[in-house]
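**Q** This is the structure I have questions about; it appears just below.
Just so it is clear, none of the values below were taken in a lab; they were calculated from the coordinates. What you see is a predicted model, and the numbers here were worked out from it, not measured in a lab. With ideal geometry, Cβ positions are generated from the backbone for all residues, glycine too; neighbour counts draw on all protein chains shown.
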Amino acid sequence: MSQQLKKVFIFLDTDKHASSFDILTTIDTFPDAAILKYENVTAEDAEKIVYDAMFPRGPEGTKHTKIFINGHDFKRVNEILEKIRECMFPPFELAVIVDPRGAYTTATAAVAKTVELSLERGFGKLENKTVMVLAGTGPVGQTAGRLYASEKANVIVTSRSLQRASSVATKINEEFESEIARGIEAQTSEEIGKAIEDAEIILSAGAAGVQLVSLETLEEYGKNCKIVADINAIPPLGVEGLKSEADGEEILPNIFGIGALAIGKLKNKIEVELIKRAAEEPTGIFDYEIAYEIAKKTILGKFEEKKSREDEQEKYWLPY
Ligand SMILES: NC(=O)c1ccc[n+]([C@@H]2O[C@H](COP(=O)([O-])OP(=O)(O)OC[C@H]3O[C@@H](n4cnc5c(N)ncnc54)[C@H](OP(=O)(O)O)[C@@H]3O)[C@@H](O)[C@H]2O)c1
């Protein structure tokens, strides 16, 4: 008789307290699953925890054991992931979710929402468009920059430090083997204004409770801007005059806005789907790439459907 194996999610968090957000999301998605959590985790700790998780239930059990890597320390999160990759060998392989403090699911939701609005408003795809990620040096901003680069947009990352902005841009350029990204220093209203002058899309990715752009600056310098999005839901918001609930409304003539709560709603859906995917698959890394695939499917599927309908119609309209 085959043994019924319980689904177990093991949270490895780099923070002092594991995020209850992701644990609760997992419990709501799989109420019958067991949850184990470890805090202040280092790569060395992760190795021991993962080996201990792999062997007691055998290869079949590892298929039902999921790891969720979390925490504020972006660098350590990646070290833990690398260590887990090294630990796994067939048939002892696990499915690993990576979403450091929601950065991956938030960035994917933010980028997908801007792509969606651009298509909806008839501005088209992001290829060759100039996208500005304001304060794009945090986990969310860095991930959003990579995703915009994957859409072939020209990415500009700002920071209060030129060195930090350039370092993010260099990583993106190395990953995409191109010169698609550049970093600039912008701190004062005037510097931020000058920075956004060429931007067609702006994503404000600054820390919680920090306003980066005033309405006056956006009005004066944002002549090329069509879409502005903000991921900071804690007042003061990142972009003055852009409400958290905004979901495509015009906030200044010809500038359409997406607020943090509208992004957050999609973020939550993506996270649930990411957890479900990892639960279904015996192995694999479920990170921002899979999250973006889910985001695009969720939000952009309708455009693809419309396009394929149009392509289909075009076939019939051909005059021969
Ligand atoms: N909607 C959601 O579901 C959701 C989920 C997760 C996170 N978030 C939000 O997403 C945003 C980004 O998250 P994160 O973890 O990537 O942010 P973070 O690392 O805390 O901050 C991002 C960047 O903001 C800049 N910054 C920090 N303090 C500043 C200040 N006083 N003035 C100007 N710039 C400042 C820093 O850039 P430099 O030092 O390089 O200038 C920092 O790298 C936050 O607002 C967070 O609350 C939203």
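**Q** Using a Förster radius of 35 Å, what is the FRET efficiency between residue 82 and residue 211 based on their Cβ-Cβ separation? Nearest 0.05, please. Walk me through the numbers before you get to the answer.
**A** Numbers: r = 37 Å, r/R0 = 1.04.
That pair, residue 82 with residue 211, gives E of 0.45.
**Q** Step by step: find N for the chain, compute 2.2 N^0.38 Å, then divide the Cα radius of gyration by it. What's the final number?
**A** Details: Rg = 21.1 Å, N = 320, 2.2 N^0.38 = 19.7 Å.
Here the answer is 1.07, to two decimals.
**Q** Ok, one more. For residue 247, list long-range residues whose amide hydrogen, built 1.01 Å from N in the peptide plane, is under 5 Å from its own amide hydrogen.
**A** 259
**Q** When 1/r is averaged over all different Cα pairs and the result inverted, which Kirkwood radius in Å belongs to region 107-260?
**A** Working: mean 1/r = 0.0680 Å⁻¹.
Final number for the Kirkwood radius of region 107-260 is 14.7 Å.
**Q** While we're looking at this one, here's another question. Which residues among region 50-69 fall inside the zone where the amide N is under 18 Å from a point 7 Å beyond the Cα of residue 280, along Cα→Cβ?
**A** 63-67
**Q** May I ask you to sort 9, 30, 55 by Cβ crowding, counting other Cβ atoms within 10 Å and putting the fewest first?
**A** Values: 9 24, 30 18, 55 11.
With the fewest neighbours first, 9, 30, 55 line up as 55, 30, 9.
**Q** If you rank 188, 42 by fewest surrounding Cβ atoms within 10 Å, what's the result? If you can, show how the numbers build up before the last one.
**A** Values: 188 10, 42 14.
The fewest-first ordering by Cβ neighbours comes to 188, 42.
**Q** Residues of region 266-291 with the amide nitrogen closer than 19 Å to a label point 7 Å from the Cα of residue 60, along Cα-to-Cβ, please.
**A** 280-283
**Q** Per the Debye formula with a single identical scatterer at each Cα and no solvent contribution, what log10 I(q)/I(0) holds for region 1-71 at q = 0.16, 0.23 Å⁻¹?
**A** Each listed q maps to, in turn, -0.56, -1.03.
**Q** In addition: Full extension from residue 34 to residue 240: what is 0.36 nm times the residue separation minus their Cα-Cα distance, to one decimal in nm? Intermediate results must be reported in sequence, preceding the final value.
**A** Details: separation 206, 0.36 × 206 = 74.16 nm, distance 4.31 nm.
Extra length available between residue 34 and residue 240 comes to 69.8 nm.
**Q** So for the chain: antiparallel DSSP bridges make up what percent, rounded to the nearest 5? Working shown, then result.
**A** On the way: 5 of 44 bridges.
If we restrict to bridges inside the chain, about 10 percent are antiparallel.
**Q** Top mean-square fluctuation among 288, 51, 38, Gaussian network model of the chain, C-alpha springs under 10 Å?
**A** 51
**Q** Counting only complete DSSP H runs, which helices of the chain cover 15 Å or more along their long axis at the Cα atoms and score a mean Kyte-Doolittle of 0.0 or above?
**A** Membrane-span-like by this rule: 103-120, 260-280.
**Q** Skipping prolines and chain starts, which residues have an amide H placed within reach, meaning under 5 Å, of the one on residue 98, given they are 5 or more residues away or on another chain?
**A** For residue 98, whose amide H was placed from the backbone, the distant partners under 5 Å are 69, 286, 287.
**Q** Could you tell me the relative contact order of the chain? Use alpha-carbon pairs under 8 Å, at least six residues apart, and round to a whole percent. Intermediate results must be reported in sequence, preceding the final value.
**A** Numbers: 654 pairs, mean separation 51.0, N = 320.
Averaging sequence separation for qualifying contacts and normalising by length gives 16 percent for the chain.
**Q** Å³ per residue of the Cα convex hull, for region 49-192? Before the final figure, lay out each step's value.
**A** On the way: hull volume 19.5 nm³, N = 144.
Taking only Cα atoms, region 49-192 has a hull volume of 135 Å³ per residue.
**Q** Just to be sure I understand the curve: with the Debye formula and one point per C-alpha of region 195-249, what is log10 I(q)/I(0) at q = 0.16 Å⁻¹?
**A** Computed log10 I(q)/I(0) values: -0.41.
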